[in-house]
Each structure stands twice: as structure tokens, then as C-alpha cells.
Amino acid sequence: MAPKRPPASKKTTDEPEVRIDALAPTFDLAAQIYAQLTKGEVPRMRLPLRTKQNIQFQLKEGVWRLGRGTGTRSARKLDGALMLLRTFYLVDFIHEMARDRKTSTLRELYYISEQWKDAKFHSEDESNLLIEDLEVLCTRLREDFRLHPEENGASVIGDLTLEETNRKGVVKRINCRDDVGDGGYALPFNVEKEKVKLRATNAKFVLAIECGGMVDRLAENGFDEAQDALLVHLKGQPARSTRRFLKRLNEELKLPVVVFTDGDPWSFRIFASVAYGAIKTAHISHYLATPGAEFLGVTASDIENYELPSDTLTDQDTRALHAMQTDPRFGTADWRSEIDLMLKNGKKAEQQSLAKYGLNYVTETYLPEKLAEMSVI
Amino acid sequence: MPRTATLAEQLAAKQREISVAEFFERNRQILGFDNPQRALLTAVKEAVDNALDAAEEAGVLPDVSVEISKDDSGPDRYRLVVSDNGPGILRRELPNVFGRLLYGSRFHAHRQSRGQQGIGISAAVLYAGLTTARAATITSKVEEEEAAHVLEVVVDTQRNLPKIVSERLDLWDRPHGTRVELVLKAKYLRGRQSPLEYLRGTAIVNPHARLVLVEPDGTRTTFERASTEVPAVSKEVLPHPYGLELGELAAILKQSKEKSLAEALPKRLAGVTPRALKEVLAQASLTGKEDPASVQGPGLERLLSALHSVSLLPPSGESLSPIGATLIKRGLRNVLGELRPDFYAPPVSRPPRIRGGSPFLVEVGLVYGGSLPPDQPIQLLRFANRVPLLFQQGACAITTAVESVDWRRYGLDQRGGQGLPTGPCIVLVHVASTRIPFTSESKEAIAEDPEVLKELQLALQATARHLKAHISRQIRRQYASEKFTIIRRILPQIAERTSHLLGKPVPDLAPVITEIMNVVTLETAAPETGPGLMVTITNYTPRARVLELFAEMPPELVSTLTGTPASDGTDPSLGRAWWTLPKLAPNGQTRMELRWPAGTDCDASDFDWYIAGVDESRLLGADALPGDWDVRLPRQVIEAAEAAEVASVGAGPAAEEEVDYDGAEKTAGLEEDD
């Protein structure tokens, strides 16, 4: 299931043999279906289920990955037949891109399917899911299929020096504090070594932050310099590249990763996807998740202890919390009690609610207290 | 003591008769004049009901026009003009009909009519006078006379007598008819309880009437006639003893002119045959020679209980005028056609029953699907004696009956199996009776009588069973259409794409197709030209089949049909025709053409299809032969079915017990990545 190596670079001129390697498994898929058809069998494919019931903790890697549960995609049902047909339209398209040396964004692929008549996607979710299915079936990453997300612009601020090979093939040396504007260093979608090399840092830890407003606050207050922190903006649910970058900072530079989000169920899930691995990408958790990452807050008890301005949980929030009670990733005693407490109090709060005590409170009081508690500083 | 007597005298001095008109003047709500919006609707309703009743009695196809316009003589004043082509009203009756409450021809009659008490139209005249001090203008012409009488009338509330303000003769360009013009305080609103909805409902249950409404803004709506049959005039009948109360029986006997009880009973009551009479008298220990008026006390009670226990002729439905299944369907189609419902349930018209000596019957119609809203409570159309009931839905026995049916069993959503169900559905319920048990004089809701409730439930359930059959057919059709999409469009493309990718020839898909379908299908389509039906039967099973095909249709159609190939037999009395189809190999197909003469009232929905020779679970588009048909199948059909049965034992792949990947719960969406 696991990719054998990091994805190849996007540059279309080098390593043609890698392309053939990416296409080979797609021929196997076609051969499997063709054999079924000639035997008079109903076409079908077996796929691991990417559900919360089918993820298992991997001791060795410290992340949650896909279990053994599988489902069958069969042409007996209309939905299954359509997904099978789409699979081969998609495979055709990938072959076409390989021939023409092109790449495509996920969104472009969704629009490409307009030409697929019966097989066109009804939503971008549907096309993204099929690409993930293909990753699983072929044990490749979507970049191997020349498919990539749009640049998502998650940013890094702090004393980190790296080298990025830019579009023109020129290597740029960048310090993420001194050589960037107020927006910080924008992460490209490809953050692998051949594109981004991590060179040096004086930071002691990485603070991954959910909201842009909080990143701005910390930067303006000079928190990165005062506490030797590297600030990484998650931009909500973090993109694959952001998670991969956090993992590299942690593994290569040995920086502890601390996650600072809003205090609500959706933010807890953001943390889970950083630290444990997301369910949708459980087939590549070992490649994206940072097992040592820790949750700083805002916790349910922070809302009480710091008397933060809060909102009442909506029905959706409550449903999300209940769903998390059966999510094995939140099965630890700590998470259980955190979820129970939030349900009991019925309250959620935003990171920026800390401004109740003034603009400096978060950098002078809240974060130092919490980080000391976690023995990060 | 003297003081008490004085007080009593004082009180007695204040006692005096209250005129009926005065009473209603103070209790307008009882008659439906409690607010200006409702008053307008009630006035429309009373005038239209009278017009329809009169036309029916005269055997005329009713043509009724309702015009509502703003009247400038004062605020909130509207002018209402209702005219009809009925027989007209004689001059001598005109003042009383419109200017006197409780004056009518129908109150004492044991037969079904819209108006009963004779309060309605005169109450509207009274209301108009009270709110605008304007007299009603009545124009009426009977066929025998040259000119129409035009009267201005008000109700003298003190004496409950009509007062004629002016009178003249006028020429009218129609042979006969009546026109009522009122100016009244009113409010014109659209919506559920509006004159438009009232006329729409009226048009559904009176498909023989042509109704026109002109609204204050000039909008003109016409409900054209959908039938030219004048409903049979209901006959006056005698009260039936079943459900008769003691006091009613006493009154009947007292009024009888016969000399003896034995003479009086068969003449004054329905259903008492000579044999029944003997039994009744014997059981009641009466000789039959008694003077009817003298039968009282214990004798009367014995007589009543004997009448209730002896078996009498069942009550006659002649006094009732049911709409009938055909016309309910036609009325619904005519008025609701624009909603394009995809199903009209065969309407149910129950036989007459007796309640309190009066016969009643229940009719139910139902439409489903089309552009009706799927997520709203169903729309309930209530009718009593062909009159739409627009108010007090919650207090009505019809509503109670609808809510007490567990509609979930019949394919509609219903919270907890109670209350109004939800779904794209309109249910029509009509209660007809010589005496409808209304909850109040405004005649907007039917009282919850146990007998009536029971009949309502039976009729609703019978209709709901048709609905259920339709919904399950629809689900199967959906299932079938998905399967056809797979085998006709998706599968060939999968084969083509994979073959192309591998540079191999496209494989023969026939075995996969029978594997996916594993059914025998029947499809119908309109022929390219002319009236008729093309029927295609395909054997999508992996075995060869010989099939017997049956068509069931309205019996009168059987003789007009031409089949190609010709049927192997017909039963015109049951409305059936059948064919033994040629042997069909896997993926084998056969076609058949049915033709009927142009102008026949017939379409695909008139046919039900049944197929024998294959298991019920392997049929799409047709049903298995009903067990009670008792048909002897041709030998080759049975043999082929047995052979297919033997061949499939142990063959074929085991059912896939795997999780359907595309049907599995998706956690994605809750947790977006990028």
C-alpha cells in the first residue's frame, strides 16, 4: 500500500522511466477487469475501506493506518459501475498527460470529466475520492499520476533557512524570518527534498496554528523571536504538503511540533490529522503524520480556566463530538475526558477569544503557561 | 313569599320569543360569517351550492359564474354576483328563499342534497344587510315566463320574514336561471381557504359542472366540464329503522295516517318486508292492529328493539348520489392535471351504510407523484355531499380517519405512524348522506361518528393499498432502469476502455449481462404511429425460457384489441388476454404489438402485465401470476421452467456477501484534507 519512495519532481523533462513505473499498475487494473469480462464475471475491484472502523494504530510508525477491512466496487450496482468506468477514464487521462508531459490540478481534472459523458463527476469530492482510490490500488501518490492540488499558500514564519528550487530551476536560499515579507514563506504543494531542502534553524519548537489572525498576532508580538518558535499556519484543515512539511521539520530538524487551534470538535480533528493521520489519507499516514505532535489548546478546560468568551455548541458540533467518541484515534483517556467535558459544558471558543485580556495576553501569559506545562519551554 | 312571586312575575315579563333571525344575527360564527374573509367565502359557497342543487334537480348541466369585485360605496365592501342556468324560482317563493331563515324544501326530505336546513343563502342576505345596509338583488326566471323577476330583498330580523324593497320585471337573455347580487363587508384573500380553492374543489367532485370565477383583480378562472352526465337525481326514501332513536320512531308513528301499526310500519319505514313485519310484531308482542299513534312506553321500546334485531332489507342507496369511481378520476384529472401526478389510484366508492336511520356512503380518491411536493404533509380534500369543506380540518372525522391509518405501511412517511402523512400526495374524501352529521351549523366538519369513522378507514385503506402497489412498482422500475443503464451504457464502455488500453479485442458481454440482470423484463412503449402499445419481453437470465404472458385490462377493451401476434385466448368477462411466447434463449427478445381503434379511452396505464414460467423475483416490469387466478399453464412453459430450475441448482456464483465499497459509510467530508 505504501509508496516506495517520495513522489518524483514535477519537472517534466527528467526521469522518464519513473513515469512508466507510475503507469504500470494502471495496466494491471485494466487487465484484472478485462479478465473478469472474458470469463463472464461481473467486473469488480476490491478496495480497503477508508472508514474510522478500518484504521489501526501502527506501533512502529506511531500513526493510524488502514486496517484489513475491504469493500467491493462492483458493476452490479449503478454507483459501482460508474466508478469503475470513471477509473478507466481517469487512467486514460493520466496516460495522455504522461504522453504530452503535462500535469493537472485536482480541480482541472474535475472539469476534464465534463468530456466523460455518463462518467462525469457530480462533485469535486467524488473526483478526489477516486484519485485516492487509485493511489491505494496502485500504491502510488497522486503526484506520480501528474495530479496535484492548487497551491494552498500555507505559510511559515521564523528562523528557518531552506533552499527551494523554483520554477525556473534556480536554487533560492531563503530564511523564513529575514528573507520574506509579512506573509511569511509560502509552502509549495511539493515540499519533498528535491524541491525544498531544510538547511538550518535556531528554533526550539514548531507552533502549528489554525487561524491566520493568530499567526499575525504572534508575528506582530515577535513571539517567534522571543520564544525561538517556528510558526506554521495550518489554514484550517491542513493540506498534505503542510502535514508533510511538519513531519520533515520534526524528523530532520528534530523540532517538537505543538498544535494550537480553536477549541471545538473540528479543531480537534485538525490536530488528529497532523498527529495521528487523517482517515481519508490513512493509506499514507506514515508519510504525512507527525506522531510526536502535541495538542496545546484551546482545550475544553482552557475555556473554563481562562474564562474565555464562548459560543454554544451547535447540533452539528455535538454530532461531531459523538462521532469522535467512536473514533479510535480519540480513544485515549485524555481525549475521552476532553470530549466529555466539552459535551458537558456545551461550549466552544476561538483562539482569538484570548484577546479578551488584551493583545499581548496570548504571547505573554497563555502560551508561555501552556508551553511550560508541556515542558516545551 | 309575596316578594318571590313578584320577582318571578318581573322575570316573566322580560321573557319573550327570540326570532331565529335575531339569534343568528348575534351568533354569526355558527353560520360561518364570523370574519370578513370567511363571510365572503360562505356567501359564495351558499349561492353556488344552491345553484348546483337546483340544476341537478332539474336535470340541467350546471353553468355557474361567480364574480367578486370591489364595491366603492364603503371600505372593505365587495360585490358578489352568482348566476346559474338552473330552473329558476317561482315568484311566490322568491322572498322566502332569500329573505327568511330556515325556509327550505330539503330539510324534511330523506335524500342527499348540498343544502339542508335552508339557512345558508338567506343568512348571506342577512349578513349583507347587517354590514352594508344594502338589500340583495335577486333575479330569477323560470322557463314558462317571458320575463325575469327582479326583487330587492332584506331580512326582517324581528319577524324572520322577508321584506321586499323593490320589485320589477326585466328581460333576461337566458331561458331560465337565477342571479343573486349582494354587497357585503368582506376581505378577499387567496390561499387554502379562498373562493378559488372552494371552486376548484367543487369542480373536482362535480365534473358535470362548468364553473367560472372572476376575482376582484379581474383574473378569470374557468373550470370546464369534464363530463356531460347529469348525476342521477337522488330519490327520496323512507327512514331506515337501523340506528333510529326512540323519539324519532315515536314521531314517525304519530304522524302516520295509517289506521294500524301493521299498515304503518312498511309504509313509513324502509326495509320492512311482510316477513320482517311478522317477525317484528311477534318479537315486540304486538298484534299489528294497534293505532300507530297509540304505541308508546314499553310497547314502543319493544318495537324499536325488535326493529333493530330482526333482519330487514338493507338500506337503499337510492337516496344518495355518489360521484362514482369513474367521475372521481375524471374530476381529479381535469382539475389537477397541471400537477402531472404520475398515479391516479382507482377511486374507492363504498356501499351505503346506515347511521341514525339515514344512509351514508364514503368515497376516496388519491393522486400521487408528479410535481406534488414530496416533503410536505399530504393535501387532504374533504367533501360532504359534493361540497368542499375548507375549515376546521382538525375537528373533522375525515381528518381523524386519515390520521389513524398507518400510512408507513403503504409507502408514505408518517411520524410515529400517526397524524397526517408526508408525501407527494392528494387524498380526496367524500361523505354522502341524507343527513351528514356535521359538528356545527356552519357545516365545515363531520362529527366523529363510529360508523362513519369505520367506513372512512376501510375506504382509505383500500385506496392506500393501490398506492402501495404503485410505489413498489415505481421502486422496481427505478431498479430496472438502473440495471438497464449499467448493461446498455456503462458496461460496454468499461469493456471498450479496458480493451483499448490493453490493445485487445472487446469481449462478448452477453454472459456478463445475464449475470448482472438475471431477470425477465417487460417494457412497454407507444408505437411510432397511431394508438396502441408495443410490448418487449427480454430474457436476461442465463437459462432458456418459455413464458406465458397475461394482460389484464378493463373488460370492455378486450373485444376492441388486435394483437400481433394474436393472443392464444381471451376472457372478455374478466378482461384478460394471454399469449404463449416463443422460446427465449439467454438475452433472447420477443416483441408484440397491441392496437385499438382511434378514439378509444385507453392508454398503457390501463394494462397490468403478468408472466408465468419464471420465478417472481426474476421479473421486472410484470408481476407473477396471482395465485387465485387458477390458470392451467401450457405444458412447454412448465417444462422449460423446471429445466431452468434444475440447471440453476448449484450453478451461478454465490451472492456477494462483501461490503459494497460505494455504499459504505464515508467519513470523508467530515474531515477534509486538501
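The values are calculated or read from the model by the stated rules, or taken from the named source; none is laboratory data. Small disclaimer: the values here were computed from a predicted structure and weren't measured. Cβ placement follows ideal geometry from the backbone for every residue including glycine, while neighbour counts extend to all protein chains displayed.
Give the residue, chosen from B:GLU548, B:GLU552, that is touching a Lys or Arg at 6+ places or on another chain (Cβ under 6 Å), surrounded by 14 or more Cβ atoms within 10 Å (Cβ to Cβ), away from chain A (no Cβ under 14 Å) and of a type outside the set (Val, Ile, Thr).
Values: B:GLU548 fails: touching a Lys or Arg at 6+ places or on another chain (Cβ under 6 Å).
Matching residue, one of B:GLU548, B:GLU552: B:GLU552.
Could you list, in sequence order, all residues of the stretch B:475-495 that are under 30 Å from the mean Cα position of the chain (by Cα) and without any contact (Cβ under 8 Å) to a residue 60 or more places away in the chain?
B:ILE475, B:GLN478
Residues that are within 14 Å of chain B (Cβ to nearest Cβ) and at positive phi: does the stretch A:126-135 have at least one? Walk me through how you get there before you give the answer.
Residues of the stretch A:126-135 that are within 14 Å of chain B (Cβ to nearest Cβ), as a first pass: A:126-135.
Right, trim to at positive phi and you get none.
The answer is no; no qualifying residue exists.
Each row is one residue, and each column tells you yes or no for (1) surrounded by fewer than 22 Cβ atoms within 10 Å (Cβ to Cβ); (2) touching a residue at least 12 places away in the same chain (Cβ under 8 Å); (3) assigned to a helix (DSSP H, G or I).
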site: A:ALA272; (1), (2), (3): no, yes, yes
site: A:ILE279; (1), (2), (3): no, yes, no
site: A:TYR287; (1), (2), (3): yes, yes, yes
site: A:THR290; (1), (2), (3): no, yes, no
site: A:PRO309; (1), (2), (3): yes, yes, no
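Please count how many residues of the stretch A:236-294 are within 13 Å of chain B (Cβ to nearest Cβ), in contact with a helix residue (DSSP H, G or I) (Cβ under 6 Å, 6 or more places away or on another chain) and of a type in the set (Gly, Ala, Ser).
Selection size over the stretch A:236-294: 2.
Would you point out which residue out of A:ARG167, A:ARG199, A:ARG173, A:ARG217 is of a type in the set (Lys, Arg) and buried (at least 17 other Cβ atoms within 10 Å of the Cβ)? Steps first, answer last, please.
Working: A:ARG167 fails: buried (at least 17 other Cβ atoms within 10 Å of the Cβ); A:ARG199 fails: buried (at least 17 other Cβ atoms within 10 Å of the Cβ); A:ARG173 fails: buried (at least 17 other Cβ atoms within 10 Å of the Cβ).
Residue meeting the stated conditions: A:ARG217.
Which of the residues spanning the stretch B:448-473 are among the hydroxyl-bearing types (Ser, Thr, Tyr) and surrounded by 17 or more Cβ atoms within 10 Å (Cβ to Cβ)?
To start, the set of residues in the stretch B:448-473 that are among the hydroxyl-bearing types (Ser, Thr, Tyr) comprises B:463, B:472.
Across the stretch B:448-473, the qualifying residue is only B:THR463.
For residues in the stretch A:61-75 being of a type in the set (Gly, Ala, Ser), more than 7 Å from every other protein chain (Cβ to nearest Cβ) and free of Cβ contacts under 8 Å to residues at least 60 places away in the same chain, which is nearest to A:LYS280 (Cα to Cα)? Give the steps one after another, and end with the answer.
Here is the first cut: in the stretch A:61-75, the residues of a type in the set (Gly, Ala, Ser) are A:62, A:67, A:69, A:71, A:74-75.
Remaining after also requiring more than 7 Å from every other protein chain (Cβ to nearest Cβ): A:62, A:67, A:69.
Restricting the remaining residues to those that are free of Cβ contacts under 8 Å to residues at least 60 places away in the same chain gives A:67, A:69.
On the way: A:GLY67: 13, A:GLY69: 14 Å.
Applying the filter and picking the extreme gives A:GLY67.
For the stretch A:76-94, name all the residues that are within 7 Å of chain B (Cβ to nearest Cβ), under 13 Å from B:GLN493 (Cα atoms) and charged (D, E, K, R).
A:ASP92
Which residues, taken from the stretch B:407-418, are over 20 Å from the mean Cα position of the chain (by Cα) and either within 19 Å of B:GLY394 (Cα to Cα) or aromatic (Phe, Trp, Tyr) (or both)? So that I can check it myself, show each step before the final result.
Here is the first cut: in the stretch B:407-418, the ones over 20 Å from the mean Cα position of the chain (by Cα) are B:408-409, B:411, B:413-418.
Within the stretch B:407-418, B:GLN414, B:ARG415, B:GLY416, B:GLY417, B:GLN418 meet the criteria.
How many of the residues making up the stretch A:230-254 are buried (at least 21 other Cβ atoms within 10 Å of the Cβ) and not in a helix (DSSP H, G or I)?
7
Within the group B:THR524, B:THR529, which residue is part of a loop (DSSP other than H, G, I, E, B) and either modelled with pLDDT under 90 or more than 14 Å from chain A (Cβ to nearest Cβ) (or both)? Talk me through it step by step, then tell me what you get.
Working: B:THR524 fails: part of a loop (DSSP other than H, G, I, E, B).
Answer to the selection: B:THR529.
Suppose the filter is within 20 Å of A:VAL258 (Cα to Cα) and in a strand (DSSP E or B); does A:LEU371 pass it? Even if it seems obvious, please write down each step before you answer.
Details: within 20 Å of A:VAL258 (Cα to Cα): yes; in a strand (DSSP E or B): no.
The answer is no for A:LEU371.
If you go through the stretch B:144-160, how many residues are surrounded by fewer than 20 Cβ atoms within 10 Å (Cβ to Cβ) and either among the acidic types (Asp, Glu) or closer than 25 Å to B:PRO87 by Cβ (or both)?
7
What is the residue count in the stretch B:496-509 for residues that are under 55 Å from the mean Cα position of the chain (by Cα) and at the interface with chain A (Cβ under 8 Å from one of its Cβ atoms)?
1
Determine which member of the set B:ASP53, B:ASP34 is touching a Gly at 6+ places or on another chain (Cβ under 7 Å) and at pLDDT below 90.
Working: B:ASP34 fails: touching a Gly at 6+ places or on another chain (Cβ under 7 Å).
The conditions single out B:ASP53.
Just one of A:GLU132, A:GLU126, A:GLU61, A:GLU150 is part of a helix (DSSP H, G or I), under 22 Å from A:LYS247 (Cβ atoms), in contact with a helix residue (DSSP H, G or I) (Cβ under 9 Å, 6 or more places away or on another chain) and among the charged types (D, E, K, R); which is it?
Working: A:GLU126 fails: under 22 Å from A:LYS247 (Cβ atoms); A:GLU61 fails: part of a helix (DSSP H, G or I); A:GLU150 fails: part of a helix (DSSP H, G or I).
Exactly one of A:GLU132, A:GLU126, A:GLU61, A:GLU150 is part of a helix (DSSP H, G or I), under 22 Å from A:LYS247 (Cβ atoms), in contact with a helix residue (DSSP H, G or I) (Cβ under 9 Å, 6 or more places away or on another chain) and among the charged types (D, E, K, R), namely A:GLU132.
Residues in the stretch B:186-204: is at least one farther than 16 Å from B:ALA43 by Cα, free of Cβ contacts under 8 Å to residues at least 24 places away in the same chain and part of a strand (DSSP E or B)?
No: zero hits.
Please go through the stretch A:146-171 and give me each residue that is among the hydroxyl-bearing types (Ser, Thr, Tyr) and within 30 Å of A:ALA226 (Cβ to Cβ), ordered by number.
Result: A:SER155, A:THR161.
On the given criteria, is A:ARG68 farther than 30 Å from A:ASN190 by Cβ, of a type in the set (Lys, Arg), out of contact with any Ser or Thr (no Cβ under 6 Å at 6 or more places or on another chain) and surrounded by fewer than 16 Cβ atoms within 10 Å (Cβ to Cβ)?
Values: farther than 30 Å from A:ASN190 by Cβ: yes; of a type in the set (Lys, Arg): yes; out of contact with any Ser or Thr (no Cβ under 6 Å at 6 or more places or on another chain): yes; surrounded by fewer than 16 Cβ atoms within 10 Å (Cβ to Cβ): yes.
Against the criterion (farther than 30 Å from A:ASN190 by Cβ, of a type in the set (Lys, Arg), out of contact with any Ser or Thr (no Cβ under 6 Å at 6 or more places or on another chain) and surrounded by fewer than 16 Cβ atoms within 10 Å (Cβ to Cβ)), A:ARG68 qualifies.
Pairs needed: first member in the stretch B:435-449, at positive phi; second member anywhere, polar (S, T, N, Q) and surrounded by fewer than 18 Cβ atoms within 10 Å (Cβ to Cβ); C-beta distance under 9 Å; at least 6 residues apart or different chains.
Cβ pairs passing all conditions: B:LYS443/B:GLN117.
Can you tell me which residues in the stretch B:543-575 are in a strand (DSSP E or B), within 29 Å of B:ALA510 (Cβ to Cβ) and not aliphatic (A, V, I, L, M)?
Once the filter is applied, which keeps residues that are in a strand (DSSP E or B), within 29 Å of B:ALA510 (Cβ to Cβ) and not aliphatic (A, V, I, L, M), the stretch B:543-575 yields B:ARG545, B:GLU548, B:PHE550, B:THR564.
For the stretch B:431-445, which residues satisfy the criterion of being closer than 13 Å to B:LEU361 by Cα and over 15 Å from the mean Cα position of the chain (by Cα)?
Looking only at the stretch B:431-445, we keep the residues that are closer than 13 Å to B:LEU361 by Cα, and these are B:431-437.
If the condition is that a residue be closer than 13 Å to B:LEU361 by Cα and over 15 Å from the mean Cα position of the chain (by Cα), then B:THR434, B:ARG435, B:ILE436, B:PRO437 are the ones that fit.
Given the conditions (1) charged (D, E, K, R); (2) surrounded by fewer than 20 Cβ atoms within 10 Å (Cβ to Cβ); (3) touching a residue at least 24 places away in the same chain (Cβ under 8 Å), report the number of the one that B:ARG302 does not fulfil.
B:ARG302 satisfies all of (1) charged (D, E, K, R); (2) surrounded by fewer than 20 Cβ atoms within 10 Å (Cβ to Cβ); (3) touching a residue at least 24 places away in the same chain (Cβ under 8 Å) except (3).
With (1) assigned to a loop (DSSP other than H, G, I, E, B); (2) facing another protein chain (nearest Cβ under 7 Å); (3) out of contact with any Asp or Glu (no Cβ under 7 Å at 6 or more places or on another chain) as the list, and A:GLY40 as the residue in question, which single condition is left unmet?
(3)
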